[in-house]
Amino acid sequence: METDPERKPHPVLKDYYGDESNKRAFVDDLFDRTAPYYDRILRFGFLGTGQAYRRYSLKQSGLQPDMEVLDVATGTGPVAEEIRKITGDERITCVDPSRGMIDVARGKLNSRFIQGLAEDLPVASEQFDRVYMGYGLRHVRDLREAFAEYFRALKPGGRCMILEVSRPRTKRQMVMARFYFRDFIPFLSRVLTRDPDGHTLMRYFWETIDQCVPPEEIMETLESVGFEDVHREVQLGVFSAYMATRPA
Ligand SMILES: C[S@@+](CC[C@H](N)C(=O)[O-])C[C@H]1O[C@@H](n2cnc3c(N)ncnc32)[C@H](O)[C@@H]1O
């Protein structure tokens, strides 16, 4: 029987973790260690604009009070915090593999936290009206596995939204993005945290953006697991919001 080809989010980044078998441990360790200052990097590095953008995107997805919501790659909870503002409700299921990140998020939200992976979601099927993932796509083992799990977790007619930074298309945007994400943000992270891990996190962040599969492949993979009405909204040439609906 023919098996589906793998859909890795990016090629192996040897300089960081050697081979694919070490990626999971490398990523978890990096997020565990940088969890205490992740919010500081977001606040200063992106001048607080990230939260407004998350809120805007959540509204675009049709999020309403009383919806059952799953936040995958919840991290320290920046997406979940905006969900709470819109729905007025902390009844959010939050999944993340990093114990360190979950510990920080627990201090801010009275939600349900589960340690787990997007590609093997520890949740029941057809339970959620919305599934969100903020800036975690590049860290999954396989895109198709993760998207199939989102499809399974959603109720028929439910929607998923994935926020991700994309490699810019024009030369000018690429020069600016490279300077900002590859040079400035890692430098700022080092100054803010006085810890080389903050610098490594943001350098790795850029490498995974630079090497990430193109948006067309991400959308085609969403369609391949059964999603319909798959589309992408782009802001400033780099901030992508992918939306997809499970057929009713
Ligand atoms: C850059 S943070 C994003 C946090 C938050 N969603 C935000 O909007 O800022 C990426 C998060 O993805 C998590 N992560 C890494 N691999 C994952 C996977 N396979 N499945 C789900 N989450 C994962 C990390 O532990 C980390 O907390």
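The values are calculated or read from the model by the stated rules, or taken from the named source; none is laboratory data. What you see is a predicted model, and the numbers here were worked out from it, not measured in a lab. Here Cβ is always computed from backbone atoms with ideal geometry, including for glycine, and neighbour counts include all displayed protein chains. SASA here: full protein model, heavy atoms, side chains in, ligands and nucleic acids out. Shrake-Rupley method; radii C 1.70, N 1.55, O 1.52, S 1.80 Å.
Structure notes:
- For the range 48-127, the strands (runs of 3 or more DSSP E) that sit wholly inside it and include 3 or more residues that are closer than 26 Å to P156 by Cβ and within 16 Å of the chain's Cα centre (by Cα) are 69-72, 92-96.
- Filtering L42, L63 for residues that are touching a helix residue (DSSP H, G or I) at 6+ places or on another chain (Cβ under 8 Å) and away from the ligand (no atom under 11 Å from the Cβ) leaves a single hit, L63.
Matching residues to (1) open to solvent by 30 Å² or more (accessible area, probe 1.4 Å); (2) assigned to a strand (DSSP E or B); (3) farther than 21 Å from T87 by Cβ; (4) among the hydrophobic types (A, V, I, L, M, F, W, C):
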{"residue": "M133", "(1), (2), (3), (4)": "no, yes, no, yes"}
{"residue": "A146", "(1), (2), (3), (4)": "no, no, yes, yes"}
{"residue": "E149", "(1), (2), (3), (4)": "no, no, yes, no"}
{"residue": "G158", "(1), (2), (3), (4)": "no, yes, no, no"}
{"residue": "M161", "(1), (2), (3), (4)": "no, yes, no, yes"}
{"residue": "E164", "(1), (2), (3), (4)": "no, yes, yes, no"}
{"residue": "R167", "(1), (2), (3), (4)": "yes, no, yes, no"}
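- All positions within the range 109-125 that are farther than 27 Å from A248 by Cβ and more than 12 Å from the ligand (Cβ to nearest atom): L109, N110, S111
- Within the range 1-16, if we keep just the residues that are more than 24 Å from F179 (Cβ to Cβ) and at pLDDT 90 or above, the residue that is farthest from the ligand (Cβ to nearest atom) turns out to be K14.
- Any hit, the range 94-106, residues being among the hydroxyl-bearing types (S, T, Y), closer than 16 Å to A35 by Cα and open to solvent by 10 Å² or more (accessible area, probe 1.4 Å): no
- Test: residue in the range 126-135 that is more than 9 Å from the ligand (Cβ to nearest atom) and hydroxyl-bearing (S, T, Y): no
- Taken over the range 17-38, residues that are open to solvent by 30 Å² or more (accessible area, probe 1.4 Å) and within 9 Å of the ligand (Cβ to nearest atom) amount to 5.
- Test: residue in the range 62-70 that is surrounded by fewer than 24 Cβ atoms within 10 Å (Cβ to Cβ) and under 23 Å from S189 (Cα atoms): no
- Residue under evaluation T200, criteria (1) open to solvent by less than 40 Å² (accessible area, probe 1.4 Å); (2) part of a helix (DSSP H, G or I); (3) touching a residue at least 24 places away in the same chain (Cβ under 8 Å), criterion not met: (1)
- Contacts under 9 angstrom Cβ, first residue in the range 228-248 being open to solvent by 60 Å² or more (accessible area, probe 1.4 Å), partner aromatic (F, W, Y) and in a strand (DSSP E or B), 6 or more apart: H231/Y242; R232/Y242
- Hits in the range 69-91 (condition: more than 6 Å from the ligand (Cβ to nearest atom) and closer than 20 Å to D120 by Cβ): V69, L70, D71
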